1. Go through (1) assigned to a loop (DSSP other than H, G, I, E, B); (2) of a type outside the set (Phe, Trp, Tyr); (3) modelled with pLDDT of 80 or more and name the single condition Ala39 misses.
2. Does any residue in the range 386-397 that is surrounded by 15 or more Cβ atoms within 10 Å (Cβ to Cβ) and of a type in the set (Asp, Glu) come within less than 7 Å, Cβ to Cβ, of a residue that is modelled with pLDDT under 85 and in a strand (DSSP E or B) six or more places away or on a different chain, and which pairs are these?
3. Among residues belonging to the range 328-349 that are within 26 Å of the chain's Cα centre (by Cα) and within 18 Å of Ser315 (Cβ to Cβ), point out the one that is surrounded by the most Cβ atoms within 10 Å (Cβ to Cβ).
4. From Ala381, Ala330, which residue is more than 25 Å from Ala270 (Cα to Cα) and in contact (Cβ under 8 Å) with a residue 24 or more places away in the chain?
5. For a quick check of your reading of the model, give me the residue pairs whose first member lies in the range 149-178 and is within 15 Å of Ala93 (Cα to Cα) and free of Cβ contacts under 8 Å to residues at least 60 places away in the same chain, whose second is of a type in the set (Val, Ile, Thr) and surrounded by 12 or more Cβ atoms within 10 Å (Cβ to Cβ), with beta-carbon atoms closer than 7 Å and at least 6 apart or on different chains.
6. Can we say Leu159 is surrounded by fewer than 18 Cβ atoms within 10 Å (Cβ to Cβ), assigned to a helix (DSSP H, G or I) and either acidic (Asp, Glu) or in contact with a helix residue (DSSP H, G or I) (Cβ under 7 Å, 6 or more places away or on another chain) (or both)?
7. Where the second residue is among the charged types (D, E, K, R) and in a helix (DSSP H, G or I) and the first is without any contact (Cβ under 8 Å) to a residue 60 or more places away in the chain and within 20 Å of Phe52 (Cα to Cα) and lies in the range 111-135, which pairs have Cβ atoms under 8 Å and are six or more apart or on separate chains?
8. Can you tell me which of Arg129, Arg164, Arg137 is under 37 Å from the mean Cα position of the chain (by Cα) and within 18 Å of Arg36 (Cβ to Cβ)?
Amino acid sequence: MTVTYDPGTRFPDGGGDDSAPVPPPPRAPLSAGTWREIAHLLGNLPLALVSFGLLVSCLAAGLGLSVTVVGLPLLALVLSGCRWYGKLERARARALLGVRVDEPSPPFAREPGFFPWLWARLKDPVGWRHALYVFVRLPWGVLTFALAFVSLFVVWPALPWLARWLTNVDRALVRGLLSPSDELERRIAELESGRGVVVDTAAADLRRIERDLHDGAQARLVALAMGLGLAKEKLLEDPDAAARMVDEAHGEVKLALQELRDLARGIHPAILTDRGLGPALSALAARCTVPVTVSVDIGTRPAPAIEGIAYFTVSELLQNVSKHSGATGASVEVWRAEDRLLLQVRDDGRGGARPDGGSGLAGLAERLGSVDGLFVLDSPAGGPTLVTAELPWRSAP
């Protein structure tokens with residue numbers, strides 16, 4: 001290594017040779033990051049010894065007592081303890097090695113109760129991988145402790161490179177054995193998100209139905225009752241006025257019935273239940289303000305839940321075509337491709353549709369995603385707009 005000094009620098013006290021340069025201030029031979037890696041390597045052995053001893057003794061007791069009542073619960077507690085040890089190791093790797101690993105989701109029991117809880121923990125893949133991590137750490141902890149400790153006193157100039165190489169193996173172990181199960185965790189997150197969307201959508205639909213009943217049919221029925229009461233009072237005094245009131249009440253009854261039919265159609269149209277998706281979409285297209293052609297090729301009927309989602313998806317999209325697109329024509333195509341039900345709604349309007357444009361497309365995409373569906377929007381400026389939706393196919397019982 002070549003060190004260059006500034007020849008213009010002199011010793012500050014004036015002693016010695018005036019031509020001799022002042023050496024630079026001393027600096028630490030190892031960086032802070034390297035010291036953290038060394039601390040991690042030196043801490044591997046004591047943690048590995050303690051965790052290995054506890055795990056082996058508890059596993060031996062749990063497996064030995066598995067023929068009794070307490071063996072399997074003890075084994076479940078051991079796997080839960082392995083999860084806690086994995087949490088400690090992830091925190092240590094995050095603080096000393098800069099490795100950030102997401103926390104796995106807790107074991108999921110399908111039903112409440114002791115036995116579902118026990119079974120969920122006994123078959124927990126995260127707990128078993130954490131137990132494997134404990135077994136692997138013991139020989140690796142002995143090796144890394146020995147190499148790091150000896151290198152501190154014998155070959156310390158090479159210690160930064162050695163520490164980096166050894167801790168890279170530690171990083172790989174943490175990412176490989178202490179990280180969440182990618183597919184399982186992704187699926188759990190999707191199900192949790194979908195469940196929240198379904199709950200929110202159901203609550204919003206209930207509020208909409210209550211509002212429509214309160215502000216529409218209920219208000220008309222109240223006015224109808226009041227009108228009939230007045231007509232009853234005037235029946236003997238002024239028969240002509242009573243007849244007019246009855247006639248007005250008759251008109252109110254017709255409007256209330258129409259509102260109730262519309263409300264029932266918004267909940268679940270009778271034609272969809274009686275005749276299926278094709279006729280229901282044709283009736284939907286007939287009420288659209290834009291001419292719509294409908295093509296349905298699905299053979300057998302899907303499950304009622306899938307059929308209802310497909311119907312209301314097309315209904316929402318055709319409402320957007322009527323309100324926002326400025327189109328002169330639209331088309332609806334529905335077909336089955338193996339285990340998927342595909343919908344395509346196309347219009348020749350101005351385009352430029354966006355999920356965040358207040359047209360309800362974002363909510364529609366969330367609703368489809370809650371049942372493992374897909375929503376794809378292609379709407380360049382100037383048109384045309386093509387919306388493709390996919391739903392999982394389930395046959396009707």
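1. All conditions pass for Ala39, except number (1).
2. Qualifying pairs under 7 Å: Glu390/Leu374.
3. Step by step, filter the range 328-349, then rank; the result is Leu343.
4. Details: Ala330 fails: more than 25 Å from Ala270 (Cα to Cα).
Exactly one residue qualifies, and that residue is Ala381.
5. Note: pairs meeting the criteria are Leu173/Val136.
6. Against the criterion (surrounded by fewer than 18 Cβ atoms within 10 Å (Cβ to Cβ), assigned to a helix (DSSP H, G or I) and either acidic (Asp, Glu) or in contact with a helix residue (DSSP H, G or I) (Cβ under 7 Å, 6 or more places away or on another chain) (or both)), Leu159 does not qualify.
7. Taking only residues 6 or more apart or on different chains, the pairs are Asp124/Arg83; Val126/Arg83; Gly127/Arg83; Gly127/Arg121; His130/Arg83; Tyr133/Glu89.
8. Working: Arg129 fails: within 18 Å of Arg36 (Cβ to Cβ); Arg137 fails: within 18 Å of Arg36 (Cβ to Cβ).
Answer to the selection: Arg164.
The values are calculated or read from the model by the stated rules, or taken from the named source; none is laboratory data. As the structure is a prediction and not an experimental result, all values here were calculated from the model. No Cβ is skipped: glycine too gets one built from the backbone with ideal geometry, and neighbour counts run over all protein chains shown.
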